[in-house]
Amino acid sequence: MCLLNILFPKWCMGCKSYGSPLCPSCLKEVSYIREPICIVCQEPSEHGKTHFRCQKHCPIHQTTTIFQYKGVGKSIIKQFKYGLRQRDFIDALGKLDKSWANELDFIICHTPNLVLSPIPLHKNKLKKRGFNQAEIIAKFLQSKRKILIINPLIRTKNTPPQAQIKDRTHRGQNVKGAFVLKENHLITNKNILLVDDLYTSGATAIEAARELKKHNCDKVYLFTIAHGIR
Ligand SMILES: [Zn+2]
Ligand SMILES: [Zn+2]
């Protein structure tokens, strides 16, 4: 056993067994999203592109997600977001089936001037939590694919967590006007891949995308680790 494992023992984020941040049996339980879906109607769509008929409701061009927010996947996200297991989370991501990377590479290959933009937290929430989970995920992606990270948005409204609001319409209202663009020049002619840990209705990412599109960026994409199926 390596010395690091003795000094910093690993516990599975799924079942709490000793040995690894994601044990082989929990790894098998992850519900991968094998068939990409449209963020608006949540019906299958090629490469997760927003259907033409759905685009009037949504400024996001295409969405990529790794797994469903349930079972082991839910446990991993919760421990990452509310706990202290950031390193283990990144290690666990490294163990996942790599098919999600094909969808990300599809976006990268077909999209010039692509930059990553983690969805910001309100400053009060950032102070309380101590880190922005979206930023950690963006840095993970950057380490794998060498894409620039920019932070053009500020979150000006400290909204209650979307998970506490059940209805899709109210989720939209909850985050309405929540983001303001701080640096216009950062996004001109850029394609922006928004990054977050989780989306359910997509209302937060859609609101962030609206603010970006208002100021002349090119297309907006979304990458999340998990999708909370409605
Ligand atoms: Zn386990
Ligand atoms: Zn659709």
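The values are calculated or read from the model by the stated rules, or taken from the named source; none is laboratory data. Computed from a predicted model, the values in this text were never measured in an experiment. Heads up, the Cβs are rebuilt from the backbone with ideal geometry, glycines too, and the neighbour counts pull from every protein chain shown. For the accessible areas, the whole protein counts, side chains as well, though only heavy atoms, and no ligand, DNA or RNA atoms are used. Shrake-Rupley method; radii C 1.70, N 1.55, O 1.52, S 1.80 Å.
Of all the listed residues (LYS157, LYS127, LYS146), the sole one being more than 27 Å from LYS78 (Cβ to Cβ) and basic (Lys, Arg) is LYS146.
Scanning the stretch 35-45 turns up one or more residues that are modelled with pLDDT of 95 or more and of a type in the set (Gly, Ala, Ser).
The set of residues in the stretch 92-128 being open to solvent by 50 Å² or more (accessible area, probe 1.4 Å), part of a helix (DSSP H, G or I) and touching a residue at least 60 places away in the same chain (Cβ under 8 Å) consists of LYS95 alone.
Residue count for the stretch 26-72, restricted to those that are in contact with a strand residue (DSSP E or B) (Cβ under 7 Å, 6 or more places away or on another chain), on the phi > 0 side of the Ramachandran plot and either within 11 Å of ligand 2 (Cβ to nearest atom) or basic (Lys, Arg) (or both): 1.
Annotation: ILE165 fulfils all but one of (1) of a type in the set (A, V, I, L, M); (2) over 14 Å from the mean Cα position of the chain (by Cα); (3) modelled with pLDDT of 90 or more; the unmet one is (3). Would it be correct to say that LYS74 is basic (Lys, Arg) and more than 27 Å from ALA178 (Cα to Cα)? So LYS74 does not fit the description; no. Of the residues making up the stretch 22-79, those that are within 15 Å of ligand 1 (Cβ to nearest atom), assigned to a helix (DSSP H, G or I) and without any contact (Cβ under 8 Å) to a residue 60 or more places away in the chain number 8.
Only a single item in (1) over 13 Å from the mean Cα position of the chain (by Cα); (2) open to solvent by less than 40 Å² (accessible area, probe 1.4 Å); (3) at pLDDT 95 or above is not met by LYS49, and it is number (2). Between PHE80, PHE89, the distinction of being surrounded by 22 or more Cβ atoms within 10 Å (Cβ to Cβ), closer than 19 Å to THR204 by Cβ and more than 16 Å from ligand 2 (Cβ to nearest atom) belongs to PHE80 only.
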